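Visitor: Okay, here's the structure, questions in a sec.
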Amino acid sequence: MIRIVIADDHTIMREGLKRILDGAPDIDITGEATDGFEVLNHVRQGGFDLLLLDLSMPGRSGVELIRQIKSEAPKLNILILTMHEEEQYAVRAIRAGAQGYLTKESAGTQLVGAIRRVASGRPYISTEVAEQLALNIMMPGEHLLHKQLSDREFEVFSLLVGGKSITDIANGLHLSVKTVSTHKTRIMQKMGMNSLSEMVQYAVAHRLLAPFKT
């Protein structure tokens, strides 16, 4: 039996996932989490084998949350389920310690297989993500501006170009407005840009725009 915790802040999504998994006799949903803090509580309590984790939730989220989970529970398998289709998000998640990466659009047909594969200790990633990971190893010096950003800076960058205000980002990530503003300044400095418009144009050109939940 594969015991899993579903972490997603949307009730409708969690209910939909449970319906998909109802027909899998070897999968048991032992808990749910609606934000990063609840995720960490489940991780510390233990008693499950796989975390089905949304990449964008209130509080601690994204790559930062993955890294903390792996530091506290190194053997816990993590399968990312996200709206982000772009390979760059997947690459950062895998490098942080996730074993699998699945878009919500594909969940209906691939979720059960992905859970079984990750629970067995094998990775579950698309061909495109595998290719991007290989390229990162083969060409580590490739100069792409967004690769200079830290994981937190990349998260803030993604939210900014996705249309979120500094206040929205601060509330969503449980940071101060001043901290987010500092991140924005550092992002622009590292990328040599002078405006949000330039950042958006760069994101479009490099397929870094992704849908964000409201």
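Visitor: L196: at pLDDT 90 or above, farther than 30 Å from M1 by Cα and of a type in the set (A, V, I, L, M), yes or no? So that I can check it myself, show each step before the final result.
Guide: Details: at pLDDT 90 or above: yes; farther than 30 Å from M1 by Cα: yes; of a type in the set (A, V, I, L, M): yes.
So L196 fits the description; yes.
Visitor: Let me ask something else about it. Inside the range 31-81, can you point out the residues that are at pLDDT 95 or above, closer than 23 Å to S106 by Cα and open to solvent by 20 Å² or more (accessible area, probe 1.4 Å)?
Guide: Matches in the range 31-81: E32, D49, N77.
Visitor: What do you reckon, is R3 part of a strand (DSSP E or B), among the charged types (D, E, K, R) and in contact (Cβ under 8 Å) with a residue 40 or more places away in the chain?
Guide: Yes, satisfied.
Visitor: I would also like to ask the following. Among (1) in contact with a Phe, Trp or Tyr (Cβ under 9 Å, 6 or more places away or on another chain); (2) assigned to a helix (DSSP H, G or I), which single condition is R186 missing?
Guide: If we test R186 against (1) in contact with a Phe, Trp or Tyr (Cβ under 9 Å, 6 or more places away or on another chain); (2) assigned to a helix (DSSP H, G or I), just (1) comes out false.
Visitor: Counting only residues that are over 23 Å from H10 (Cβ atoms) and in a helix (DSSP H, G or I), which one in the range 89-112 is least open to solvent (accessible area, probe 1.4 Å)?
Guide: Of everything passing the filter in the range 89-112, V91 is least open to solvent (accessible area, probe 1.4 Å).
The values are calculated or read from the model by the stated rules, or taken from the named source; none is laboratory data. These numbers come from a predicted model, not from an experiment. FYI the Cβ positions are ideal-geometry reconstructions off the backbone, even for glycines, and counts take in every protein chain you see. Just the protein is used for accessible areas: all its heavy atoms, side chains included, with ligands, DNA and RNA removed. Shrake-Rupley method; radii C 1.70, N 1.55, O 1.52, S 1.80 Å.
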